[in-house]
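Below: one structure, written as structure tokens.
The values are calculated or read from the model by the stated rules, or taken from the named source; none is laboratory data. The structure presented is a predicted model; accordingly, all values stated were derived computationally and were not measured. Don't worry about glycine lacking a Cβ; one is built from the backbone with ideal geometry, like all the others, and counts go over all protein chains shown. Areas reflect the complete protein model, heavy atoms only, side chains present, ligands, DNA and RNA absent. Shrake-Rupley method; radii C 1.70, N 1.55, O 1.52, S 1.80 Å.
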Amino acid sequence: MTMLDDGWILDCATGAAPDAVRVLAACQGAMAPRAAQRLAGVEAAFGAMLEREPGVALAPGALTRALDRLDDDAVAPVAHDPRPGLLPSPLARALEVQGDRRWRRRLGGYSEIVVESLCAPGVDARLISIPPGKGAPEHDHSGEELTLVLTGSFHDGRGAFARGDVCRVEPGDVHQPRVDSAQTCVCFVVELGQVRLTNKVYAGIDRISRLTRRF
């Protein structure tokens, strides 16, 4: 299994990662006990470091305000998801809060659902569904891209990725994902920058498509 890299695991454990990346890490943990143990180990180590720091007096009422803000769903324990092919619970909860969960067709023959609750300035989160034998046009990115495979598998000219794997693409890396499994490949994608298609005609069509994708 291709795991989320150490830098992102540390950022997730400390709360520095964007919500979309934290959900991606939790989803990989829900799919694979080894990934969950790795994240839990870093969280435990960071917690132990905090316990060694000297205490600081809290403002009056700080504890009460913090407890009032806790969301029981957000702190639910991550466990192995025994239901292959379905969305891991952290991602399913993120989708529950948005009304429009329809798949929309995109250039190249794939479909997507924007996960609106996890999008932020500079962060795009979406589910993509690519049929067997199909793929996305060749492209690179202005920022990092993380793709968690939920069903099926694909290759992108740099490596092969199956269920539970995380494909990491750095800025400037050119790749062209293509499904090589007999089943539809569904992925959770987090983009920390803009997608840049190498074909100028496709790039123009894609810009128009993205401007209208929520309509």
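Quick notes
- Counting the residues of segment 12-48 that are assigned to a helix (DSSP H, G or I) and more than 21 Å from V115 (Cα to Cα) gives 18.
- Taking the listed residues G157, G133, G172, the one that is farther than 19 Å from A26 by Cβ and at pLDDT 90 or above is G133, with no other qualifying.
- Filtered residues of segment 51-83 (kept if at pLDDT 75 or above, part of a helix (DSSP H, G or I) and open to solvent by 80 Å² or more (accessible area, probe 1.4 Å)): L63, T64, R65, L67, D68
- Test: residue in segment 118-141 that is touching a Gly at 6+ places or on another chain (Cβ under 8 Å), on the phi > 0 side of the Ramachandran plot and surrounded by fewer than 16 Cβ atoms within 10 Å (Cβ to Cβ): yes
- Only one of the numbered conditions (1) open to solvent by 20 Å² or more (accessible area, probe 1.4 Å); (2) touching an Asp or Glu at 6+ places or on another chain (Cβ under 9 Å); (3) under 22 Å from A25 (Cα atoms); (4) without any contact (Cβ under 8 Å) to a residue 60 or more places away in the chain is violated by R178, and that is (3).
- Scanning segment 149-162 for residues that are open to solvent by less than 50 Å² (accessible area, probe 1.4 Å), of a type in the set (G, A, S) and in a loop (DSSP other than H, G, I, E, B) gives G152, G159.
- D165 vs. criteria open to solvent by 10 Å² or more (accessible area, probe 1.4 Å) and under 21 Å from T198 (Cβ atoms): no
- Exactly one residue among L91, L95, L146 is at pLDDT 90 or above, surrounded by 20 or more Cβ atoms within 10 Å (Cβ to Cβ) and farther than 19 Å from V174 by Cβ, and that residue is L91.
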